[in-house]
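The values are calculated or read from the model by the stated rules, or taken from the named source; none is laboratory data. Every value quoted in this text rests on a predicted model; they were computed, and no experiment measured them. Methodologically, a virtual Cβ is constructed for each residue, glycine included, from the backbone with ideal geometry; neighbour enumeration extends over all protein chains shown.
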Amino acid sequence: MAAENRILKSKWYLYLTEFFAGMSVMAVELGASRLLAPYFSSSQIVWTIIIGTIMIAMALGNVWGGRSADKNPDPDKLYGRMLFAAVWIAAIPFVGKLVILGISALLVVTVSTNFLIWAAFLSCMIVFVYPLFLLGTVTPSLVKYTVSSLDDSGKTVGTLGAANTVGSIIGTFVPTFLSIPAVGTAATFVIFSGILLLLGAVYFISVKRGAVKTVISLVLFAAASVAGLSFGFAFWENTLTLEDESVYNYLQVREDDTRVILSTNVLFGVQSVYQKSDTLTGMYYDYALAAPLMAEQPDSLLILGMGTGTYATQCARYFPDMTVEGVEIDEKITDLAHRYFSLDESIPVTTYDGRAFLAGTDKKYDVIMVDAYQDITIPFQMSSQEFFKMVRSHLTENGVMIVNMNMISERENGINAYLQDTIASVFPEVYTVNVNGATNRELFASANPDMLRLLKQRTEEYLALDSEMAYDLCVMMQKVAENLTPYQAGSRILTDDKAPVELLGMQTIDDMISRELSYYKEKFEQEGIAGLIG
């Protein structure tokens, strides 16, 4: 008991425990968002699920921890729980990904709606609730050990609260700005679980008890750390050129003999592509090449959401006299663009939010491409009426805005319908075209009523150049012109005050997933689990 008193009597170790417990809770919460984002997006809906489940865990931990401390105020139990929580958190990068895939596979054959919501919620409940429940027991237990009399109880509890808050603040900034960009999500879990493990181990070494549980925890922690650090998000892939993380995204690069592909998630496909043969991509970028041909003077292009520069490279190839400029919020993606996707070093790319960039410049452009929409993670500030008015103010008199919209849906009130109505409330001329074999829709907007005439006229001029590259472009442009549909404005307007883009996007994604999963459900009903495995 004397050894125990030496480490706890001055209370500094208890305050240190509270500090690092608060830090670890926030680090795990931020790590949870990064663990789920490649599978379920980083939308506000997913964040709501994460925060909600963690708050449930912490509340239950507070209640149970207080009752347990009153019943048996033994610090061994608290630090034993911290050892267990540390091992669990270290195992999350490995076990958590298996749980996410397992839950997704189970829900394929059991749910018909809200697939992403259910999958994210159940994943959070299984992976994160229990270790954070254990960490939720820390504060009430420490109050029991630190408050020795009513005379200084307020001061003691206040100091514990301050230690927890300061730790939480540090645990909020370190993962986002330091550990995740530098060493990744898995290593971040390992680092903060290692801190918890060290707290528990130092306590048990000091009191000269619990040697067995400490050694077992250390061994399990080491095994979990090694497994987690060697286990990628797309662990079933063995042909990736690069798997990395940035402040904003999970990044995945694939390369074969014909092209290089960037994906920023596991479940939703391709974000950028580079054709090594200098041909058309076969994707929405080809359709978007119509925008410069619709502009009265196609001399300048601004791309909001540059990505790896696929559209910039295409425009530079087919319209060499046009100056191209890009804005990309993720600097690491820009680095990948130069490293893997042959983006010309002469094309300037500003690392900034697209709307903030427009707000800070008076420059006007003949064409502005808005390509910042990635699945359901549509930035609301770049979907509102106010934003599109800002875009129009940065276009030359008869300039053209091209918007790449994902998630084509049959919903009458889907996300694309809202975006189209919002844009049509700002631009008098709006045309759309669906991309064959994809879920993309390209929208062209301008104040120029002659934009279609210009497209057809310039297509004929390019055809007269009599080159294979010009011919390919003309065939593509004729296809676009034949399928362009004028859009009539509706009343579904998104504003800075009200833009529920994530809820609308989630509904559309849910529709798409339901259509895709219908095959697997039918297979399961006919042949059972063996059919799915086959």
Per the filter on segment 449-489, residues in a loop (DSSP other than H, G, I, E, B) and either among the basic types (Lys, Arg) or closer than 20 Å to residue 424 by Cα (or both) are 449, 450, 484, 487, 488, 489
Of the conditions (1) part of a helix (DSSP H, G or I); (2) within 31 Å of the chain's Cα centre (by Cα), the single one that residue 111 does not satisfy is (1)
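Each row is one residue, and each column tells you yes or no for (1) acidic (Asp, Glu); (2) surrounded by 19 or more Cβ atoms within 10 Å (Cβ to Cβ).
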position	(1), (2)
278	yes, no
284	no, yes
287	no, yes
299	yes, no
312	no, yes
320	no, no
323	no, no
328	yes, yes
Working only within segment 448-469, note down all residues that are free of Cβ contacts under 8 Å to residues at least 12 places away in the same chain and among the aliphatic types (A, V, I, L, M).
463, 464, 465
Single condition residue 401 does not satisfy, out of (1) closer than 30 Å to residue 497 by Cβ; (2) surrounded by fewer than 23 Cβ atoms within 10 Å (Cβ to Cβ); (3) modelled with pLDDT of 95 or more:
(2)
Run down 439, 422, 396, 350 and say which single residue is in contact (Cβ under 8 Å) with a residue 60 or more places away in the chain and under 21 Å from the mean Cα position of the chain (by Cα).
439
Just the residues that are at pLDDT below 90 and either among the charged types (D, E, K, R) or more than 19 Å from residue 67 (Cβ to Cβ) (or both), please, taken from segment 122-152.
144, 148, 149, 150, 151, 152
Within the group 472, 496, 510, which residue is modelled with pLDDT of 85 or more and within 22 Å of the chain's Cα centre (by Cα)?
496
Restricted to segment 423-458, and to residues that are surrounded by fewer than 20 Cβ atoms within 10 Å (Cβ to Cβ) and basic (Lys, Arg), which residue is nearest to residue 479 (Cα to Cα)?
456
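How many residues does segment 239-264 contain that are polar (S, T, N, Q), in a strand (DSSP E or B) and either at pLDDT 85 or above or on the phi > 0 side of the Ramachandran plot (or both)?
Count: 2.
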Selection count, segment 322-365, where residues are under 22 Å from residue 260 (Cα atoms), hydroxyl-bearing (Ser, Thr, Tyr) and part of a loop (DSSP other than H, G, I, E, B)
2
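If you check residue 7 against the conditions, is it among the β-branched types (Val, Ile, Thr), in a helix (DSSP H, G or I) and more than 21 Å from residue 380 (Cα to Cα)? So that I can check it myself, show each step before the final result.
Values: among the β-branched types (Val, Ile, Thr): yes; in a helix (DSSP H, G or I): yes; more than 21 Å from residue 380 (Cα to Cα): yes.
It is true that residue 7 is among the β-branched types (Val, Ile, Thr), in a helix (DSSP H, G or I) and more than 21 Å from residue 380 (Cα to Cα).
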Going through (1) modelled with pLDDT under 90; (2) touching an Asp or Glu at 6+ places or on another chain (Cβ under 9 Å); (3) surrounded by 21 or more Cβ atoms within 10 Å (Cβ to Cβ) one by one, residue 4 fails only at (3)
Filter segment 136-189 down to residues that are within 20 Å of residue 17 (Cβ to Cβ) and not in a helix (DSSP H, G or I), then give me how many there are.
3
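Just to be sure, is residue 246 buried (at least 17 other Cβ atoms within 10 Å of the Cβ) and either of a type in the set (S, T, N, Q) or touching a His at 6+ places or on another chain (Cβ under 8 Å) (or both)?
Considered against the rule, which asks whether it is buried (at least 17 other Cβ atoms within 10 Å of the Cβ) and either of a type in the set (S, T, N, Q) or touching a His at 6+ places or on another chain (Cβ under 8 Å) (or both), residue 246 comes out as yes.
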